[in-house]
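Written out below as structure tokens is the structure these notes cover.
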Amino acid sequence: MEGQRWLPLEANPEFLKQLGLHPNWQFVDVYGMDPELLSMVPRPVCAVLLLFPITEKYEVFRTEEEEKIKSQGQDVTSSVYFMKQTISNACGTIGLIHAIANNKDKMHFESGSTLKKFLEESVSMSPEERARYLENYDAIRVTHETSAHEGQTESSSSSSSQPHSSHCRTKPSSLCHHASLPWVKRNHVGPAKATSPSLRLRRWRPFLRLPSMGLHSVAPSIDEKVDLHFIALVHVDGHLYELDGRKPFPINHGETSDETLLEDAIEVCKKFMERDPDELRFNAIALSAA
């Protein structure tokens, strides 16, 4: 039986506002991994989202990682808000939910916020229950679709009989520049001087599902199969957690703090890149104080 899918959403800066989140936090581009480039990111940072390719190497690693954790166990605080992903084309939205939900005390919500209501109503649910709840949560779905139709997103079909996975639907396109969030060409880092090409984040301009980055594109068909995916990296109770709705549980990456979250999260991003050294399709963005 085919799962639910949403219309691919372009990067629409109005989406956070439509969900009722006050703009005291913003997503900003991470230009690279050098300390010099990380210093360009406004502080404090409360979450990092990584966009990366789903490859055969990664899938082998993911299976091995899951088996190892199930065998050896790990410590995960009950304070972590985690949900599974069952909706195709929704990994950016779920990454956003993970980032906001695990920093709820730092966020300012407008009266009647759709997102705040969803988080409050789902706080006591299991990850699987939260996924099913989102499937049927019309307020977020309608906001998602409205945002898609208000921008340049186009859809050739509202349904499909073809099988699919729950990855983001993304594909390469021409690079562009936006006044507030400049994207840079691969291995070019903008105004700062890079000290080592190997430490620069490789730049790939995707059709992002994350709706707050101010970029413009035409979304692919709702049926298009591509292989990029979002995860969130957050700080909860002194530890760094990787939150990926495709995985059965959060991944504890060790100790971190509010002050070192960005640097610690980037170390995790480096491991993703090292597993696929021939891949170029990586992007990182940080949820920073506006």
Given a Förster distance of 25 Å, the FRET efficiency implied by the Cβ-Cβ spacing of ASP227 and ARG132, rounded to the nearest 0.05, works out to 0.50
Restricting things to alpha carbons, find the Rg to Rh ratio for the stretch 64-131 using the Kirkwood radius for Rh.
1.03
For the stretch 116-143 and the stretch 47-65, what is the separation of their C-alpha centers, rounded to whole Å?
25 Å
Förster radius 41 Å - calculated FRET efficiency between ALA139 and ASP75, Cβ distance, rounded to 0.05
0.75
The pairs in LYS247/LYS271; LYS84/LYS117; LYS106/LYS271; LYS17/LYS247; LYS104/LYS270 lying past 23 Å Cα-Cα in this model are LYS106/LYS271; LYS17/LYS247; LYS104/LYS270
Using amide H atoms built in the peptide plane, which far-off residues or other-chain residues are under 5 Å from HIS239 H to H?
THR256
Pop out the ³J(HN,Hα) list for the stretch 81-94 in order, Karplus 6.51 cos²θ - 1.76 cosθ + 1.60 with θ = phi - 60°, rounded to Hz; leave Gly and Pro as x.
8, 9, 9, 7, 10, 10, 9, 5, 6, 10, 5, x, 5, 5
Once you have the Cα-Cα distance between SER111 and SER257, take 0.36 nm times their residue separation minus that, and quote the gain in nm to one decimal.
49.5 nm
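Readers should treat all values here as calculations from the given coordinates under stated rules, not as data from a laboratory. Owing to the predicted nature of the structure, the values given are computational and were not obtained by experimental measurement. Here Cβ is always computed from backbone atoms with ideal geometry, including for glycine, and neighbour counts include all displayed protein chains.
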